[in-house]
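Read through the structure below, which is laid out as structure tokens, and then see the notes.
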Amino acid sequence: MGCVSLSADVTPGFTSRTLPHSAPLSIRSGRPGNLLGDVGDSPSLISTDSRHHDLHFSIAAEIGEAGELVTDPSADPIAPARPFVKWAGGKRQLLPDLLHRVPHNFRHYHEPFVGGGALFFALTEQKRLETKAVRLTDINVELINTYRMVRDRVETLIALLSTFKNDEAFYYNIRSLDLQQLDSVQRAARFIFLNKTCFNGLFRENRKGQFNVPFGHYKQAQICAPNDLRAASQALRGVCLEVASFAEIAQACQPGDFVYCDPPYAPVSRTASFTAYNGGGFGDEDQQKLADVVRQLGQRGVQVLLSNSAVPLTYALYRDLHVEEVLARRAINSRGDRRGLVPELLVAAGPLASELLARRQTVSQPAATLR
Ligand SMILES: C[S@@+](CC[C@H](N)C(=O)[O-])C[C@H]1O[C@@H](n2cnc3c(N)ncnc32)[C@H](O)[C@@H]1O
């Protein structure tokens, strides 16, 4: 499903982005005969009995058929927009370093490995994406479907999610559902629910493409955060969301655009790294191909910023580009329960490389910026 181009000044594949309106939000049903009440009033919806989760979704399906729940643009202000999923490799940690290296001026914004979208939401909060076309892509089909549902059907999604329970039997029932039998908003509710209640917020599939992360046993899993979802929905208004491999990004980019690449990191050791966001993983060949794409984009005048682990492979792949080291707080043992400062690489290509070099010369900082 493609996005529609609405204005002449917009890159093909984008919708033109309207200014995010700051109007507050509330809930009303799309049609008379309030469906929110139907969902909220039905105790059977929160049963953990396997016979009932089908009922759950069959009632949920009626929401979609009978009328969409919509957000009222005249209610209270909402929370700051931030990632609505926990995501392995999420960049909240590194945000100050990334924000500091965003070009002063750029045309459109692209994130080809969007994951939880930490930088996108931070830039939105700082109002640095207003009036710009934005294209967020990822290879994970369920993730992008969820972004679309947060953007387009947030109240229906909230109504569904608010009936889910942090319960082990319920978790395995929802996990075992056949995606083919669910509509898009039900799939999104399942995705968010599994993300919030599974072990470590991981996304991992078996060879058949079935989600296989076990239940997380968290006492305080926040399955539904309505105002966070509404804030994310507002931030995503007018944003183009596509399932795509990074290899396709070059077609959508034009000189002056800004691209932030946050691929699965090159492994620091055989056991330390998690790259299985999709069945295929992300090996050395992908890292090599990505480095080629980054270099080509830079040569065409596209401004690229990339983050990756600081390992011999990445130093070699980006040796001719602008490279800076930063320190990030990461898990430093295999159980992930001890954290320490680990060097990571930030690479810039195109006009951004010259801008960062000039900035560094102005403040005469050392070559490696270790925070
Ligand atoms: C490190 S995560 C991105 C994290 C993100 N920056 C955040 O703040 O949450 C890497 C992402 O790359 C995606 N990915 C893996 N292989 C890909 C490919 N070949 N093309 C595009 N995306 C891919 C994964 O699904 C995952 O969401």
Per-selection metrics, region 137-251 (Cα): Rg and Dmax in Å: 14.4, 46
Distance-filtered residues of region 205-234 - backbone nitrogen under 15 Å, label point 7 angstrom along TYR172 Cα→Cβ: 212-217
Listed peptides 128-139, 145-156, 170-181 by packing density, highest first (mean Cβ within 10 Å): 145-156, 128-139, 170-181
Inter-label distance, nm, simple model (7 Å from Cα along the C-beta direction), GLN299/HIS217: 5.4
Efficiency of FRET from Cβ geometry, GLU325 and ASN206, R₀ 51 Å, rounded to 0.05: 0.90
Taking ARG207, ARG92, ARG187 and counting other C-beta atoms within 10 Å, the order from fewest to most: ARG207, ARG92, ARG187
Ratio Rg/Rh, restricted to region 156-224 and using Cα atoms, in which Rh is the Kirkwood radius: 0.93
Gained length - HIS100 relative to ARG237, 0.36 nm times residue gap less alpha-carbon distance: 46.8 nm
In range of the label at GLN126: residues from region 246-262 whose backbone nitrogen is under 18 Å from the point 7 Å along Cα→Cβ: 257-262
Percent antiparallel among DSSP beta bridges (both partners in region 96-255, rounded to 5): 20
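The numbers here are math on the coordinates, done by the rules we state, and not lab data. This one's a predicted model, so the numbers in the text were calculated from it and none came from an experiment. Here the Cβ is made from the backbone with ideal geometry for all residues, glycine too, and neighbour counts use every protein chain on show.
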